[in-house]
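In what follows, a structure is listed as structure tokens, so that the remarks can point back to it.
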Amino acid sequence: MLWPISRVAGHIPEGKSTESSAADFEDAVAPTWDSTSGWISGAEVAPLFALCIFAVLLATAVISAIILKRRPLAGISATQNQELRSIWLNRLLRNCGWLLTNIIGAAITYADPVLSSGWNKVSMFAVLALGFVLFVWAPKHAAPEANSLPSTAFARMRSHTLSVSYFANTFLIIATLIIWLAASELVDQTPEPFGEAGARAVGASFALPWSAAAVVLYLVISAGFALYAHSRAKLGALSEPKSQNLPVWVYTIAALFILSGSILLYAPQTLSPGAQQLLSPWVTSAIIVGTLVAAAGYFWWIRHCAVPWDLTDEQEIWYRQILEFRALRVLCSAYFLLPGLVSSDEPAVLAIGIGLFCIPALLVVNRPKARLTTSVRA
């Protein structure tokens, strides 16, 4: 893969594109794109790709050695220790495979000038296919031991929250990739007379509403898991829901991120001087209002739904706060990823959005203590 990358010739930008209104691109009759984008030489990029691959493999080797050489945990059998190692290694290799797949996909995209035109599309679909394989690739579990301790209600509740996060995040990531591929295809198929502004307007008018819809569906999936737990709780004695607000600073920072992202959607020139509005204010308002209303409904439901597990007040509050924080994290991330998707000249916006998406919930919500229970509702 590094060989075709090294053959890519670099060139500096030439010419200058003329200014045109994105709202009027359908009426354009003459080409307005008379510039060529710059391209970094493959001789400079190939070592960077090699460094990325080497760093991922080295980190995987080091972490694998730590997992294999660690001391057995006290309180569990040798078989359970071995099974725990297998689970950790499985998760490590899945993450390593996902990173390498994305690096190779990016390398094929970069080497598109020297590869056939179909390689770029093939690589994107291969990333999705391998992502599905990694999604269903689970370690083999040994048969449970007869004298093993009973699972706690907190452990079952935590398994529920992990399932919610796993399925909802996987859906959101795959949906984002598909939307990005479709938007890129629309941009490539836009006739040249429409110009660069017209092509970007076509991609933005498709990507932004559908990406916002994916965020709403993420909330629907998470709420659906909570609805399933609520329906199971009706089989036993219902208790008053116990909830508590997240720290005030979390809501303050989230409000600042949402406000900043809204400004970038309404006025992209604040991010890139000279940038033009790619969507009408009405569509932008619909995206913002729709996602905020969906989030408000989700937060209300998470605070009022019943839980089927026999938990302490602290554990039930933790359950609701975890789901609320994860949804708030996705919402803040989306408000930077949406303008970042259509502002390719500002990768820092995408970096902020991805960073927000990856913030661990345990940094904000402290995990409560588990307790054994023999209650039927557990």
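The values are calculated or read from the model by the stated rules, or taken from the named source; none is laboratory data. From a predicted model like this one, the values you see are computed outputs, not experimental measurements. Counting neighbours? That spans all protein chains shown, and the Cβs are built from the backbone with ideal geometry, glycine included. Surface accessibility is based on the protein's heavy atoms, side chains included, excluding ligands, DNA and RNA. Shrake-Rupley method; radii C 1.70, N 1.55, O 1.52, S 1.80 Å.
Once the chain from Ser77 to Trp137 is taken as fully extended at 0.36 nm per residue, the excess over their C-alpha distance is 19.1 nm. Computed on protein heavy atoms with a 1.4 Å probe, the accessible areas place Glu314, Glu240, Glu324 in the order Glu240, Glu314, Glu324, largest first. In the complete set of protein chains, residue-level accessible area for Val349 is approximately 10 Å², probe 1.4 angstrom. Kindly state, to the nearest 0.05, the FRET efficiency for Val283 paired with Leu51, given R0 = 51 Å and r defined as their beta-carbon distance. Efficiency at R0 = 51 Å is approximately 0.80.
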